[in-house]
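Working notes, structure below.
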Amino acid sequence: MQHLRVAWALAGAALGFFLLFLIQAHFFGEGQLVAGTCEIVTLDRDSTQPRRTIARQTARCACRKGQIAGTTRASPACVDVSIVRSRQWCEMMPCLDDESCDLLVNRTGWTCAQPGGRVKTTTVS
């Protein structure tokens, strides 16, 4: 009889720890981003056209109030929402340090020109 009580006590404790684990996983689950950070979820490259590569990426961001997902130094980042609203893309410093940024004429994106003459064009959809 004593062994049966111990077995039930151990089973109850194991069930309790399992429930605590489930609650912790639900409220503090893996994959939670720290406020103000982003991560790349998908990245697709299409090099079927000669001398041209089309890259599409999807990022997941946890931006603070007044911020929205954008691009800083060629990486996803949280940027001030006024930059996106005004379509002044170069204000979020999307290009690398050695590149120059220019707005597209219709403000649908920007170009990053490298010193060697290579140009990367980014459009916002």
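So here's what we get for this one:
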read-out: Any hit, the range 89-97, residues being within 16 Å of the chain's Cα centre (by Cα) and touching a residue at least 24 places away in the same chain (Cβ under 8 Å); value: yes
read-out: Selection from the range 54-65 of residues that are free of Cβ contacts under 8 Å to residues at least 24 places away in the same chain, open to solvent by 80 Å² or more (accessible area, probe 1.4 Å) and over 12 Å from the mean Cα position of the chain (by Cα); value: ARG56, LYS65
read-out: All positions within the range 74-125 that are out of contact with any strand residue (DSSP E or B) (no Cβ under 9 Å at 6 or more places or on another chain) and on the phi > 0 side of the Ramachandran plot; value: ARG107, GLY117
read-out: Residue within the range 88-109 that is among the small types (Gly, Ala, Ser) and touching a Lys or Arg at 6+ places or on another chain (Cβ under 7 Å) present; value: no
read-out: Residue, modelled with the lowest pLDDT, within the range 66-125, restricted to residues that are part of a helix (DSSP H, G or I) and open to solvent by 30 Å² or more (accessible area, probe 1.4 Å); value: VAL84
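The values are calculated or read from the model by the stated rules, or taken from the named source; none is laboratory data. Keep in mind that what you see is a predicted model, and the values were worked out from it rather than measured. Note that we place each Cβ from the backbone using ideal geometry, even for glycine, and neighbour counts take in every protein chain shown. Quick note on the areas: whole protein, heavy atoms, side chains included, nothing else; ligands and nucleic acids left out. Shrake-Rupley method; radii C 1.70, N 1.55, O 1.52, S 1.80 Å.
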